[in-house]
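Engineer: The structure is given below, and queries will be raised subsequently.
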Amino acid sequence: MIKRLILLFCCLMPALSVAVEIKGVAQIHWVQAHQPDYWLNKGTGIYQYDSGNDGLNVAQGLLAMEQDLADELSFSAVINYNQRPAQSIGLTQGYFKYKPIVPSAYKWQIQAGLFYPRMSLENPDLGWTSPYTYTNSAINSWLGEEIKTIGLELSVNRPGRFFNSPHSFNAVASVFKANDPAGTLLAWRGFALHDRQTSLNELVPFANLPSFTDTALRFQASNVRPFEEIDGRFGYYFGLHWDYYKQSQLRFYLYDNNGDPSVLNKSTGQYAWDTKFVSLAWQYKFDSQWRLITQAMHGNTAMGKSRGVDVDFNAYFALVSYQHFAHRWSLRYDHFNVIERDNWLWDPNDSHGEGLTIAWRFDLTAQWQVGLEYSVANSFAANRDLWQWPQNERQRQSLANLQYRF
């Protein structure tokens, strides 16, 4: 579907008289990290870096493009560069948006393509990045890995100013496909902390569990292809946004990929997972300098004919941020759990942890930014014992950042 959308856009380009608006971010980290090996290197570390990545790393490279096709129709796309596990460039967003000009207080729009549900208040910056920390919360790290929709979204907005009210509301509904394996990483790796976004058709590796050998899980690959269509079903989500004077913002979402956990693609080693969750995010601006952002999530995911792997998951974070002229300081606490509900004792899935992240960002100019971040996390994963590795790990990650925007 996305390939067809891009092909259509390319065919339209010669007829367009308005230039494409292109923005971008290039970011490098100087990293000092800690064992164990991270999951992209088949390990069980929950940060994006380990001690094997100490030194200079390309942390973020993205191009965001927006093109007005007509007065009411536009096309947007985001292309990301990932350095690991292998260098790659891929599409992370690509969608058409139709926003009619209507003589009514109620405004609506529809978008079609590849895009994120607007659950996050932590990631409002260019290309779904965060202006607060360089490492995302556990919740939004997972959303960036496994949750993206290829489908349609309808949004209806009730702006408060048209009703002489401080309250604005926005209702969202979507149907989608190709998010069937969502939940794989939570069950076998658990939550992680990073800023990596999975590209369309990208394969994300994780540790090769011993429980995948000569068992009911023998067809499961030690990787996930988050945007693969497996069972032919449509998923859906609903959302409600509330805004009070641009001071207090609340977003509630109900997501269900409607997966059939009995369906398996043996050629790719991917199951359709039955994944559903609710997410509640809130932002409160105390004044022009101080703000609080918090988000909580609770859900369940399962795979296999008899739901052989069946886990509940929940997570929350609280982030406080202070801005003074060109300086921004942010502090975030994360807590996350994966709770096993099935009876396959040879494939343990329990995991939990907590993390603390503090960051400073300084805008040298409108284009250049420097920053520092320190993060520490304690995590437990029951399946680490399958390798005789410690089930409890304490990890630290320090980084200095240089960013260029255009």
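Engineer: Between W360 and S88, what is the FRET efficiency for a Förster distance of 25 Å, r being their Cβ-Cβ separation, to the nearest 0.05?
Structural biologist: After rounding to 0.05, the efficiency reads 0.25.
Engineer: If you don't mind, another one. Over what distance in Å are the Cα centres of segment 224-265 and segment 302-318 separated?
Structural biologist: With segment 224-265 and segment 302-318 each reduced to a Cα centre, they are spaced 15 Å.
Engineer: Residue farthest toward the positive end of the dipole of segment 44-111, with Cβ of Lys/Arg at +1 and Asp/Glu at -1: which of Y95, M65, P85?
Structural biologist: Y95
Engineer: Full-extension gain between Y374 and F234, please, as 0.36 nm times their residue separation minus the C-alpha to C-alpha distance. Write down the numbers at each step before the final one.
Structural biologist: Details: separation 140, 0.36 × 140 = 50.40 nm, distance 4.10 nm.
Here the answer is 46.3 nm.
Engineer: Express in nm, to one decimal, how much length is gained between K305 and Q289 on full extension, taking 0.36 nm for each residue of separation and deducting their alpha carbon distance.
Structural biologist: The span from K305 to Q289 would gain 0.5 nm if fully extended.
Engineer: Treating only the Cβ of Lys, Arg, Asp and Glu as charged (+1, +1, -1, -1), what charge dipole size does segment 245-377 show about its Cα centre? Round to the nearest 20 debye.
Structural biologist: Dipole magnitude for segment 245-377 comes out near 560 debye.
Engineer: Sticking with this structure for a sec: In the chain, if the dipole is taken from +1 on Lys/Arg beta carbons and -1 on Asp/Glu beta carbons about the Cα centre, which of W108, H335, G353 is farthest to the positive end?
Structural biologist: About the Cα centre, the residue reaching furthest to the positive side is W108.
Engineer: Subtract the Cα-Cα distance of L126 and F219 from 0.36 nm times their separation in residues, and report this length gain in nm to one decimal. It would help to have the intermediate numbers written out before the result.
Structural biologist: Numbers: separation 93, 0.36 × 93 = 33.48 nm, distance 3.86 nm.
So the extension gain works out to 29.6 nm.
Engineer: Could you size up the charge dipole of the chain around its Cα centre, putting +1 on the beta carbon of Lys and Arg and -1 on that of Asp and Glu, and report it in debye to the nearest 20?
Structural biologist: 740
Engineer: Sort 396-403, 87-94, 365-372, 186-193 for me by packing, meaning the mean count of neighbouring Cβ atoms within 10 Å per residue, highest on top.
Structural biologist: 186-193, 396-403, 87-94, 365-372
The numbers here are math on the coordinates, done by the rules we state, and not lab data. Just so we're clear, the structure is a prediction, and the values are computed from it rather than from any experiment. Glycine gets a Cβ as well: all are built from the backbone with ideal geometry, and neighbour counts include every protein chain shown.
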